[in-house]
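Taking it in order: structure first as structure tokens, then the write-up.
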Amino acid sequence: MSCYQVNKETIDLIVSAFIWANRSAHTKSKPETDLLMSIAHIIPNEGGAIVESARSDQEKIVLAVGRELIQANIESVVNRYNTKVDVGYSANDYFGNYIQESEATIEQVLGAISCYEYQSCESVGWETSWSKQFMDSLRKNLCSMIAGDNWEYKREELSVS
């Protein structure tokens, strides 16, 4: 298996989808699906770096989540090759580029999640990591966005002529 650093656009799409899913949960008045609560611990002040560079709460979230995901991906690449590697960009180089819901499909987001997980699963502790939990939660919420209130499948009865 090879391992590489995912591009910033993949991170942008995942983080943007997080914002979409959170907005959808609030629209449906389902506070139990509030993804913001799942990330409260990673919106640190970090000496003011994130807070001072962010112009809004959404931007703070985008920066914190994006940087956390990038760092986990870098750790996976380093662990996979068991050496210091020259990565294309660091977590601190990420400033986020929000992608509107009209610019991508949920299918593309699910593909980006799969790509990210495949490239980030080589780090020690991946299975219990925040990044893995975040991806699982985001995937679940995206599936809820697709399914809506259609949680259960029921085969339609065939009419016999």
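The values are calculated or read from the model by the stated rules, or taken from the named source; none is laboratory data. What you see is a predicted model, and the numbers here were worked out from it, not measured in a lab. A quick note on method: Cβ atoms are made from the backbone with ideal geometry, for glycine too, and the neighbour counts reach across all protein chains shown.
Within region 96-119, which residues are aliphatic (A, V, I, L, M) and assigned to a helix (DSSP H, G or I)? Give the derivation first.
Step one: filter region 96-119 for residues aliphatic (A, V, I, L, M), giving 99, 104, 106, 109-110, 112-113.
Correct list: ILE106, VAL109, LEU110, ALA112, ILE113.
Taking each residue of region 138-161 that is basic (Lys, Arg) and looking for partners that are part of a helix (DSSP H, G or I) and surrounded by 10 or more Cβ atoms within 10 Å (Cβ to Cβ) with beta-carbon atoms closer than 8 Å, six or more apart or interchain, yields ARG139/LEU110; ARG139/ILE113. Looking only at residues in region 120-136 that are part of a loop (DSSP other than H, G, I, E, B) and surrounded by fewer than 17 Cβ atoms within 10 Å (Cβ to Cβ), the one that is modelled with the highest pLDDT is GLY125.
Sort out which residues of region 52-94 are of a type outside the set (A, V, I, L, M), at pLDDT below 90 and within 15 Å of the chain's Cα centre (by Cα), and write them in order of number. Selection gives GLN58, GLU59, LYS60. Within region 137-154, the presence of a residue that is closer than 19 Å to ASN79 by Cβ and surrounded by 16 or more Cβ atoms within 10 Å (Cβ to Cβ) is excluded. Mind checking whether some residue in region 12-19 is in contact with a Leu (Cβ under 9 Å, 6 or more places away or on another chain), assigned to a helix (DSSP H, G or I), modelled with pLDDT of 70 or more and among the small types (Gly, Ala, Ser)? Yes, because at least one residue in region 12-19 is in contact with a Leu (Cβ under 9 Å, 6 or more places away or on another chain), assigned to a helix (DSSP H, G or I), modelled with pLDDT of 70 or more and among the small types (Gly, Ala, Ser).
Of all residues in region 90-107, those that are under 16 Å from ILE74 (Cα atoms) have Cβ atoms under 6 Å from Cβ atoms of residues that are assigned to a helix (DSSP H, G or I) and at pLDDT 90 or above, 6 or more apart or on another chain, in ALA91/ARG67; ALA91/ILE70; ALA91/GLN71; TYR94/GLY66; TYR94/ARG67; TYR94/ILE70.
When region 129-150 is filtered for residues that are more than 11 Å from the chain's Cα centre (by Cα) and closer than 14 Å to LEU69 by Cα, only SER129 remains.
Give the residues of region 64-100 that are among the charged types (D, E, K, R) and under 18 Å from SER123 (Cα atoms), sorted by residue number. The answer is ARG67, GLU68, GLU75, ARG80, LYS84, ASP86.
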